[in-house]
Amino acid sequence: MLPRGIRNNNPLNIRRTAKDQWKGLAAQQSDRAFCQFKSLEWGWRAAFQLLTRTYYHKYRLYTIRGIISRWAPSSENDSHSYIENVSRLTGIDPDEPIGIPSERPSRWMMVGVAMAIQENGMSSIDYFAMLRGWELARGSHLD
């Protein structure tokens, strides 16, 4: 059976809230805890919107440690292991600034993929859907 995040087309397991207005949400939301998207591309779009716009620009979180400490708080997760795994997979030190998303897109994509691996396992990652999701998040649309 596929991991929950992949079944929901939500590779970073974005939690549902009363304010959910994501583009690409599935019409039927049967998972009480996590958003469900029409396709993985839309789930990746939401993930990259959160990482690059909300976490980077709004919360001013520039490092893996800063992002994951908020994304997966220690009250719910083993944040230390999550941070170490994402850092190991990306080759980016936990306290090293990731960079400006528009100038260092590959680093942000690596962080997103590493987080998806942490959430869902390595074998369930669709890299093409991730790239299309990045394009959707950045305002470019692939035909």
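Values as computed for the structure displayed
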{"read-out": "Cα-centre dipole for the chain with unit charges at Cβ (Lys and Arg positive, Asp and Glu negative), debye to 20", "value": "500"}
{"read-out": "Charge sum, other residues only, whose C-beta stays under 15 Å from residue 94's C-beta, Lys/Arg counted +1 and Asp/Glu -1", "value": "-1"}
{"read-out": "All aspartates and glutamates inside 19 Å of residue 19 as judged from Cα atoms, apart from same-chain residues fewer than 8 positions distant", "value": "31"}
{"read-out": "Helical contribution to [θ] at 222 nm, DSSP H n ≥ 4, -39,500 (n - 2.57), averaged over the chain, rounded to 500", "value": "-12500 deg cm²/dmol"}
{"read-out": "Centroid-to-centroid separation of the range 67-143 and the range 32-47 [C-alpha atoms, Å]", "value": "15"}
{"read-out": "Ordering of 78-88, 93-103, 24-34, 39-49 by burial proxy (mean other Cβ atoms within 10 Å per residue, highest first)", "value": "39-49, 78-88, 93-103, 24-34"}
{"read-out": "Net lengthening on full extension, residue 62/residue 80 (0.36 nm per residue, minus Cα-Cα)", "value": "4.8 nm"}
{"read-out": "Local electrostatic count, residue 117, Cβ distance below 14 Å [Lys/Arg +1, Asp/Glu -1]", "value": "-2"}
{"read-out": "Shape category assigned to the range 99-143 from the gyration tensor of Cα positions, a/c cut at 1.5", "value": "oblate"}
{"read-out": "Top of 120, 77, 13 by mean-square fluctuation, Gaussian network on the chain, Cα under 10 Å", "value": "77"}
{"read-out": "Karplus-derived 3J(HN,Hα), 6.51/-1.76/1.60, for each residue of the range 48-57, Hz, glycine and proline x", "value": "6, 4, 5, 5, 8, 9, 6, 6, 6, 7"}
{"read-out": "Given charges at beta-carbon only (K, R positive; D, E negative), |dipole| of the range 65-143 in Debye", "value": "140"}
{"read-out": "Nitroxide proxy distance, nm - points 7 Å out along Cα→Cβ at residue 23 and residue 122", "value": "3.4"}
{"read-out": "Carbon and sulfur %, accessible surface of the range 5-81 computed with the full protein complex present, 1.4 Å", "value": "45"}
{"read-out": "Environment charge at residue 81 (Cβ cut-off 14 Å; Lys +1, Arg +1, Asp -1, Glu -1)", "value": "-2"}
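The values are calculated or read from the model by the stated rules, or taken from the named source; none is laboratory data. Given the structure is predicted, the values throughout are model-derived calculations rather than measurements. So basically every Cβ, Gly included, is an ideal-geometry build from the backbone, and we count neighbours across all protein chains shown. These area figures cover heavy atoms from the full protein model, side chains too; ligands, DNA and RNA do not enter into them. Shrake-Rupley method; radii C 1.70, N 1.55, O 1.52, S 1.80 Å.
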